[in-house]
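See below for the structure under consideration.
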Amino acid sequence: MRIVTATAVALALVGAAAPAATAHQPATDGIWRTDGYGTVLSIRNGTLQEYQTTAVSCIAGDTARRTGPGTYTTPGGGTVFTVRTRGDRDRASVGLDGDVGERNLRRMTELPDACAPSAPGGPLASFDVFWQSFEENYPFFAAKGIDWHAVRDRYRPTVHEGTTPDELFAVFSKMVEPLHDAHVAVFDVDADADGIPDRAFAQVRPGTVRPDGRLDAKVKKFVVERDLKDARNVQDFAAGRITYADLPGGRGYLRISGFGGYAGDGASYAAELAELDKTLDTILDRERTRHLKGLVIDLRINGGGSDAMGLHLAGRLTDTPYLAYSKRARNDPADPTRHTRPQPLYVTPAQGPRYTGPVAVLTGGSTVSAGETFTQALMDRPGRTVRIGQPTQGVFSDVMVRKLPNGMSVWLPNEELLTRSGRTFDGAGIPPHLTEPVFTKEEFDRNEDSAFDRAVEVLRD
């Protein structure tokens, strides 16, 4: 999910065009760099190796084995990379299962010199890679009023070769704290090698709450007991991540707490998508879509997941193809205003029954990531679509996972999703058409759900 095109390292990364693949060698074999992400891919002998690059580093990332023509899968059936060549064999693209869009690849002759295994791994080297990763990829410093160079000048003198992991974790956390970006996180080294970080630092936009299992369970109980007390056919699907109920008056209620986690831990994207389709085939069957007078889609507690699943669901809500959004990534480490060419992503009507009537979408500050891209994908939906509640969290980019030399890692965004007019909603979130409180203490105390009640009222008109 990564690469940069720094002017200072362009010659080292690009070089001259490599020879075309031989007849016995797959056309995708070779070394490639992507436009707009800090990534180099080495593909040879049935193995894809990712390298995360900056002007000061090159660190091995994911390793995937060939599982089909042009497809490479990480161990345990995790991430699936799909690589496709273009006409001249020196250009290609790579896509990841569950992601939307593709990333352009350009062939290189050899790996950057920094990819040698002898790179330093102490606290200072980790600081420099951490700072440089944001410097080359993070798009929102100006919008957030952050002087990232001043941040380096303040904190780098506090780091030395004797800095402990605890101290370095605290430094990194303080550096990114002012960003208030839910797609930025610092993870401490996994000392137990159990795949679970020892600790993490992350935070959300001020005044909002990060969705988690406890909040989801509390809200779900409240909604079922209060909002759905007179509903029929209340049913959970997809490991409890999706709830549907028939409301009085011929309306429906669809609650989605995430775009993933439907088929159990470690399930492939294909298995997740199959479970989503099975759920939607049951909920939006021919009989219900024919008679439904309105649909409430509740995204107020939605922790995100797969953008592709959001587009897939949107395809059940239209008979007409339309632009969901366009996606672009930061494309110059020295200039945050330069981006890759926006790639348009469309909502395509699904096969089979579709619901095209009025929709009320409930959102709030705990509507995060893929919950927001799905909300954005409904903005130009043909037919009546009304957003009710509070602004979403304000994070739309895929997350870049960056390893650091000392074993720590960091998450950061590098993309923007554009509306038809070129607008983005990063930071502030997508605003509602109709503002109502969302799961405040006062609402809980008074057993009120103003946003839900407003949605029912709107769909009654």
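Read the figures in this text as sums done on the coordinates, not as results from a lab. From a predicted model like this one, the values you see are computed outputs, not experimental measurements. Note that each Cβ is placed from the backbone with ideal geometry, even for glycine, and that neighbours are counted across all protein chains shown.
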- Item | Per residue, the convex hull volume that the Cα atoms of segment 202-335 enclose (Å³) | 171
- Task: For Asp147 paired with Glu225, estimate the spin-label separation in nm (one decimal), with each label point 7 Å from Cα along the Cα-to-Cβ line.
- Result: 5.3
- Task: Give me the net charge of Ser369's neighbourhood, meaning all other residues with Cβ under 10 Å from the Cβ of Ser369; Lys, Arg count +1, Asp, Glu -1.
- Result: -3
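Where does the chain land at 222 nm, in deg cm²/dmol rounded to the nearest 500, when only DSSP H runs of n ≥ 4 count, each adding -39500 (n - 2.57), divided by all residues?
Theoretical 222 nm ellipticity from helices: -6500 deg cm²/dmol.
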- Query: Put +1 on the Cβ of every Lys and Arg and -1 on every Asp and Glu Cβ in segment 229-300; which of Gly250, Gly260, Ile283 then has its Cα farthest towards the positive end of the dipole?
  - Reply: Gly250
- Query: HN-Hα J couplings of segment 71-85 from phi, Karplus 6.51/-1.76/1.60, θ = phi - 60°, integer Hz, Gly and Pro as x?
  - Reply: 10, 9, 10, 6, x, x, x, x, 5, 10, 9, 10, 10, 10, 7
- Query: Could you state the principal axis extents of the C-alpha atoms in the chain, from the largest down, to the nearest angstrom?
  - Reply: 67, 55, 43
- How much length is gained if the chain between Val401 and His180 is pulled fully straight, taking 0.36 nm per residue apart and subtracting their Cα-Cα distance, in nm to one decimal? 77.8 nm
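If contacts are Cα pairs under 8 angstrom and at least 6 residues apart, what is the relative contact order of the chain in percent?
Here the relative contact order equals 15 percent.
Just to confirm the filter: which GluC sites (Glu not before Pro) across segment 312-419 are DSSP coil and have at most 13 other Cβ within 10 angstrom of their Cβ?
Values: sites: Glu372, Glu415, Glu416; in loops: none.
Nothing satisfies the criteria.
Give, in nm to one decimal, the length gained when the segment between Arg290 and Leu124 is fully stretched (0.36 nm per residue of separation minus the Cα-Cα distance). Kindly include the intermediate steps, with their values, before the conclusion.
Working: separation 166, 0.36 × 166 = 59.76 nm, distance 6.32 nm.
Result: 53.4 nm gained on full extension.
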- List, in order, the whole-Hz ³J(HN,Hα) value for each residue of segment 340-349 obtained from phi through the Karplus relation with A = 6.51, B = -1.76, C = 1.60 and θ = phi - 60°; use x for Gly and Pro. 5, 5, x, 9, x, 10, 10, 8, 10, x
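Taking 0.36 nm per intervening residue step and subtracting the Cα-Cα distance, what contour gain separates Thr320 from Arg384 on full extension?
Numbers: separation 64, 0.36 × 64 = 23.04 nm, distance 1.36 nm.
Here the answer is 21.7 nm.
Fewest Cβ neighbours within 10 Å first, please rank Ser450, Ser57 accordingly. Don't skip to the answer; put the middle values down first.
Values: Ser450 18, Ser57 25.
Neighbour counts put them in this order, fewest first: Ser450, Ser57.
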